[in-house]
1. Quick one: what pairs do we get from the stretch 18-39, first residue free of Cβ contacts under 8 Å to residues at least 24 places away in the same chain, second surrounded by fewer than 19 Cβ atoms within 10 Å (Cβ to Cβ) and outside any helix (DSSP H, G or I), C-beta under 7 Å, 6+ apart or different chains?
2. Taking Ile43 as the residue in question, decide whether it is closer than 18 Å to Asp23 by Cα, within 14 Å of the chain's Cα centre (by Cα) and at pLDDT 90 or above.
3. Of all residues in the stretch 13-65, count the ones that are outside any helix (DSSP H, G or I), aliphatic (A, V, I, L, M) and in contact with a Phe, Trp or Tyr (Cβ under 8 Å, 6 or more places away or on another chain).
Amino acid sequence: MKETRLGEFEEVILLLVGILGEDAYAFKIAEEFESQTGRSVSIGAVHSALSRLGDKGFLKSEMKEGNATRGGRRKRIYTISASGEQTLREARDFRISLWQQYPPLSTGNLNLDF
């Protein structure tokens with residue numbers, strides 16, 4: 001049976017795919033990861049995560065035609081599948097539940113409603 005849970009890195013990559021929309025290709029995802037987290041990431045790590053997410057059924061991809069900006073090279077665009085969206089919702093709900101159980105932050109001082 002395939003693993004269907006998300007690691008933290010995979011969760012962030014999956015979220016970035018959703019954030020980037022039509023621009024969700026590996027290089028742009030890596031740039032956005034670095035911009036959002038302040039941490040560097042190799043393009044190989046991004047490709048590996050995208051591959052794992054695809055194998056788990058959380059992502060779909062298709063090749064788009066190249067343009068002059070890319071020297072005519074095609075690029076693979078990623079989109080989140082219905083299963084991927086459901087998994088993200090479950091991960092978010094689980095994390096919110098944990099945060100709400102953490103005593104120093106569960107007194108109502110932290111608003112975790114999305």
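1. Close Cβ pairs satisfying both conditions: Ala30/Val41; Phe33/Val41; Glu34/Ser40; Glu34/Val41.
2. Considered against the rule, which asks whether it is closer than 18 Å to Asp23 by Cα, within 14 Å of the chain's Cα centre (by Cα) and at pLDDT 90 or above, Ile43 comes out as no.
3. Number of matching residues: 3.
The values are calculated or read from the model by the stated rules, or taken from the named source; none is laboratory data. Not measured: the values here are computed from a predicted model. All Cβ positions, glycine included, derive from the backbone under ideal geometry; neighbour counts span all protein chains shown.
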